[in-house]
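Beneath this line is the structure, given in C-alpha cells, with notes to follow.
The values are calculated or read from the model by the stated rules, or taken from the named source; none is laboratory data. What you see is a predicted model; the values in this text were computed from it and never measured. Note that we place each Cβ from the backbone using ideal geometry, even for glycine, and neighbour counts take in every protein chain shown.
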Amino acid sequence: MTYRVDKAYERSEAIILAFDIGTTHTAVSFSHASPGERPDVRSVIKWPGQPEASGESKIPTIVAYQDGEAKYFGAEAREFLEDDDYEIARWFKVISLLHY
C-alpha cells in the first residue's frame, strides 16, 4: 500500500521508518524523503512466513527465542508456539502496561 504526502518535504534527505507495535499485530511503513518533493509512504506488505499472495500489512507481534537469542519473528515464530526448545514472547505490550 502506498500513499503520497500532500505537501513537499522541507528538511534534509532522509529515510523515515514508522513502527506500529500492537498487542497482537505489528505494522511497518517507510519513506525516502527528499527536499522539495512530496514523499511516498509505503507499507510493508510482504513478510517472511506469510503466504506469498497474502498482501497483509501486519504481522503477529511474536518473537521466538532459542537459548536467549531471537531466532524468528511474526508469522515464522508462530510455528514454534508449542515447541519446548523455544521461548515465545508475545503480549509484551500488555505485560509492560501491567508493570507500569
Worksheet, complete the sentence: Sole miss for VAL63 among (1) at pLDDT 90 or above; (2) farther than 14 Å from THR24 by Cβ is condition (2)
Discussion item. Being among the aromatic types (Phe, Trp, Tyr), in contact with a Gly (Cβ under 6 Å, 6 or more places away or on another chain) and in a strand (DSSP E or B) is the filter here; which residues of region 21-77 pass it?
Written reply: none
Response to the item:
Of ARG38, ARG42, the only residue that is under 29 Å from LYS7 (Cβ atoms), touching a residue at least 40 places away in the same chain (Cβ under 8 Å) and among the charged types (D, E, K, R) is ARG42
Worksheet item: Looking at region 37-55, is at least one residue surrounded by fewer than 12 Cβ atoms within 10 Å (Cβ to Cβ) and among the β-branched types (Val, Ile, Thr)?
Response: no
Worksheet item: Do any residues in region 70-86 that are on the phi < 0 side of the Ramachandran plot have Cβ atoms under 8 Å from those of residues that are in a loop (DSSP other than H, G, I, E, B) and surrounded by fewer than 12 Cβ atoms within 10 Å (Cβ to Cβ), where the two are at least six apart or on different chains, and which pairs are they?
Response: PHE73/PRO48; ALA75/PRO48; GLU76/PRO48
Worksheet item: ALA33 passes all but one of (1) over 28 Å from ILE59 (Cβ atoms); (2) surrounded by 11 or more Cβ atoms within 10 Å (Cβ to Cβ); which number fails?
Response: (1)
Worksheet item: For region 1-30, what are the residues that are surrounded by fewer than 11 Cβ atoms within 10 Å (Cβ to Cβ) and among the acidic types (Asp, Glu)?
Response: ASP6, GLU10, GLU13
